[in-house]
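What follows is one structure encoded as structure tokens, with my remarks underneath.
Each value in this text was obtained by applying a stated rule to the coordinates, not by laboratory testing. Small disclaimer: the values here were computed from a predicted structure and weren't measured. Heads up, the Cβs are rebuilt from the backbone with ideal geometry, glycines too, and the neighbour counts pull from every protein chain shown.
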Amino acid sequence: MDLKQKIIFSESVFAQEVDGEMVLLDMNSENYFGLDEVGTTIWQAMQEKETLQDVYDAMIEQYEVAPDVLENDLLEFAEKLRESGLIEIK
């Protein structure tokens with residue numbers, strides 16, 4: 001997985017923001033997922049942007065973080081979402 005890849009959201013996932021945090025429901029597996037404030041920000045950026053690079057660019061402007069740390073964290077987060085069936089990475 002790399003930053004050039006596109007994000008495709010599963011149509012079976014419903015997302016709702018509650019008190020600044022995102023709650024996700026996968027209708028296929030009937031599993032709930034909760035995202036903290038940073039996870040919510042990344043999820044929202046993923047919905048607005050086309051590639052992981054676009055998400056990275058938006059996040060690097062918003063947070064004071066080392067570029068390599070952000071890249072690793074973003075790729076790890078995307079991989080967890082992919083493994084859970086919430087997104088596809090193409």
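Listing for the model above:
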item: Neighbour-limited loop hits for trypsin sites (Lys or Arg not before Pro), region 1-63 (at most 13 other Cβ within 10 Å; DSSP other than H, G, I, E, B); result: LYS4
item: Reciprocal mean inverse distance between Cα atoms of the chain - Kirkwood radius, Å; result: 13.2 Å
item: CD proxy at 222 nm, helix term only [per DSSP H run n ≥ 4: -39500 (n - 2.57); per residue of the chain; nearest 500]; result: -14000 deg cm²/dmol
item: Cα long-axis angle, helix 67-83 against the chain (0 to 90 degrees, to the nearest 10); result: 20 degrees
item: In Hz, Karplus ³J(HN,Hα) per residue of region 6-11 (6.51, -1.76, 1.60; θ = phi - 60°; x = Gly, Pro); result: 8, 9, 10, 7, 5, 6
item: Interchain or long-range residues, amide H under 5 Å from GLN5's placed H; result: LEU52, GLN53
item: Computed lengthening from ASN28 to SER84, 0.36 nm per intervening residue step minus Cα-Cα distance; result: 19.1 nm
item: The chain - charge dipole about Cα centre, Lys and Arg +1 at Cβ, Asp and Glu -1, debye rounded to 20; result: 360 debye
item: Simple label model, 7 Å out from Cα along Cβ direction - GLN5 to GLU50, nm; result: 1.8 nm
item: Rounded to whole Hz, the Karplus (6.51, -1.76, 1.60) HN-Hα couplings of region 24-41, x for glycine and proline; result: 10, 10, 8, 5, 5, 9, 6, 9, 9, 9, x, 10, 6, 4, 5, x, 5, 4
